[in-house]
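> Dropping a structure here in structure tokens format, bear with me for questions.
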Amino acid sequence: MTALTERIDARAAVLEHYTVDETGRTGHRPLGVVHATSLDDVLATVEWARHTRTPIIARGAGTSLEGHLLSRGDEVVLDLSGLDAILDISPTDFTATVQPGVTRARLNAAAAEFGLQFTVDPGADASLGGMAATNASGTTSVRYGGMRANVLAMQVVFADDTVTRLGRPVRKSSSGYDLKDLLIGSAGTLGIITELTVRLHPIPEWLRSLRISFPSVERAVAAAVQMLGSALPLSRLELIDAPSMAAINAYRGTRHPVGPTLLIDIAATSAAAAASDQNDVCELAADNGAMETVVAQSHTARHELWEDRHTLFFALEARHPGHQFLVTDTAVPYSRIADAVAKAEELAAQLGLDVAIAGHIGDGNVHVAVPYTDDTLERARQFSDQVVRQALSLGGTASGEHGIGLAKKQYLRAEHGSAVEVMAAVKRALDPLGLLNPGKILD
């Protein structure tokens, strides 16, 4: 106990780093920070926390967006970024086993030597443990799924200091309760992930990327849904609205048409298949009134095309200097995407807000970025609340990928009903003292 107490960093300058999340939300300074570099460090911290009744916030790269990592002021942060070893890559099993602090970019660099890739891409260079804890997804989930589809097994430290392995490094199992998937998306409230075995996928040899502009969101969405219904091998399918394209043009010096735009990746097995699939995509786009279609085949051209999407948030920041951003991440059924976007645009106009809409349209995930200042913060919050409630009324979810954290607890009952009691019972069973990331997801 004494040894751990000596390792708790309580310097004010260090603690200040842990008071703000990626969206600019602020919390209190934690009591201290423990920088873990081994499983023993995690076990010692959990044992000390249980003995002293001190709550723990487990943290990786710190890129989450819904207040998952913000402190009330009475917790110790367990920083897992130093647990960053790639333990194994098995190209014949298409798996990698890593510690939680390994980032997706590092894993992809290592996996690329075997012609493989880790496909979950939330945009930020997040840590794998944090991505599992929030069930992250992103641009490639239309084909490969999010973290639940790509984590095969994990090692977890529970609140009673037991170390347990959940799942097996195989593609399927019908053995027992699926506790692994219960931990994925639990935001460190049920256990602390200390090791993961994840799926790897072959890097396609034949890739085509397309940027297609449309006269309206409705036309763009209709084309996207038809592409999905045609069983085309799409590995990315993104929607960017007109204000977003205007921001990108200003930020990157491009001259793309300022209108609703689809960004698409096609992954094919041969040059002939890639050409055929590209033609099918272009025909469906033309049937829906496409105004311009640009095809990128070389690696450089494809990289430039996708940089438009990856730099969107920076472009919006440049367009709105001095603003902070509230970003929604609702998801709705495919048939209601156009309704969700139209309602968001209508609400923004009513409230006098200048919003930008982009989303992983391939899985129905709609993001709205709302720039705000102190003068417009209340309207931004009102907008976000109405967008979430609209998504729920359309059969959707309050969070497609960012998670609940602190920000969206108020919507759990409306979305899940009596299942909230089941969630609370699970929390009490696995963390009876309420020491693991308290106040997040559930009160």
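The values are calculated or read from the model by the stated rules, or taken from the named source; none is laboratory data. Remember, predicted model here, so these are calculated numbers, not experimental data. Backbone-built Cβ (ideal geometry, glycine too); neighbour counts: all protein chains shown. Just so you know, the surface numbers come from the protein's heavy atoms only, side chains and all, with ligands and any DNA or RNA stripped out. Shrake-Rupley method; radii C 1.70, N 1.55, O 1.52, S 1.80 Å.
> Working carefully through the options Gly396, Gly417, find the one that is out of contact with any Cys (no Cβ under 7 Å at 6 or more places or on another chain) and surrounded by fewer than 14 Cβ atoms within 10 Å (Cβ to Cβ).
Gly417
> Further, regarding this structure: Output the number of residues of segment 215-241 satisfying the condition of being closer than 21 Å to Leu305 by Cα, among the small types (Gly, Ala, Ser) and in a helix (DSSP H, G or I).
Final tally of qualifying residues: 3.
> Follow-up question, since we're still on this one. Among the residues of segment 157-175, which ones are open to solvent by less than 70 Å² (accessible area, probe 1.4 Å) and not polar (S, T, N, Q)?
Within segment 157-175, Val157, Phe158, Ala159, Asp161, Val163, Leu166, Gly167 meet the criteria.
> Name the helices (runs of 4 or more DSSP H) wholly inside segment 61-146 in which the number of residues that are among the hydrophobic types (A, V, I, L, M, F, W, C) and open to solvent by 10 Å² or more (accessible area, probe 1.4 Å) is 2 or more.
104-112
> Shifting gears a bit: Check Ser276, Ser244 and return the single one that is open to solvent by 10 Å² or more (accessible area, probe 1.4 Å) and out of contact with any His (no Cβ under 6 Å at 6 or more places or on another chain).
Ser276
> Does Ser335 satisfy being part of a strand (DSSP E or B) and either touching a residue at least 24 places away in the same chain (Cβ under 8 Å) or among the small types (Gly, Ala, Ser) (or both)?
It is false that Ser335 is part of a strand (DSSP E or B) and either touching a residue at least 24 places away in the same chain (Cβ under 8 Å) or among the small types (Gly, Ala, Ser) (or both).
> What pairs come up if the first residue lies in segment 421-440 and is in a helix (DSSP H, G or I), the second is among the aromatic types (Phe, Trp, Tyr), and their beta carbons are under 9 Å apart, counting only those six or more places apart or on different chains?
Leu430/Phe158
> Same structure, new question: For segment 5-37: of the residues being of a type in the set (Lys, Arg) and either in a helix (DSSP H, G or I) or out of contact with any Ser or Thr (no Cβ under 6 Å at 6 or more places or on another chain) (or both), which is most open to solvent (accessible area, probe 1.4 Å)?
Out of the qualifying residues, it is Arg11.
> Determine whether segment 381-388 contains at least one residue that is of a type outside the set (D, E, K, R), in contact (Cβ under 8 Å) with a residue 24 or more places away in the chain and part of a loop (DSSP other than H, G, I, E, B).
No: segment 381-388 contains no residue that is of a type outside the set (D, E, K, R), in contact (Cβ under 8 Å) with a residue 24 or more places away in the chain and part of a loop (DSSP other than H, G, I, E, B).
> From the list Thr197, Thr254, which one is closer than 21 Å to Ala296 by Cβ and open to solvent by less than 40 Å² (accessible area, probe 1.4 Å)?
Exactly one residue qualifies, and that residue is Thr254.
> Give all pairs with beta carbons closer than 6 Å in which a residue from segment 310-326 that is farther than 17 Å from Glu378 by Cβ meets a residue that is aromatic (Phe, Trp, Tyr); count only pairs at least 6 apart in sequence or on separate chains.
Sorted first by the residue in segment 310-326, then by its partner, the pairs are Ala315/Tyr251; Ala318/Tyr251.
> Are there any pairs with C-beta distances below 9 angstrom linking a residue in segment 45-62 that is touching a residue at least 40 places away in the same chain (Cβ under 8 Å) to a residue that is of a type in the set (Phe, Trp, Tyr) and open to solvent by 20 Å² or more (accessible area, probe 1.4 Å), with the two at least 6 apart or on different chains, and if so which?
Val46/Phe158; Thr54/Trp48
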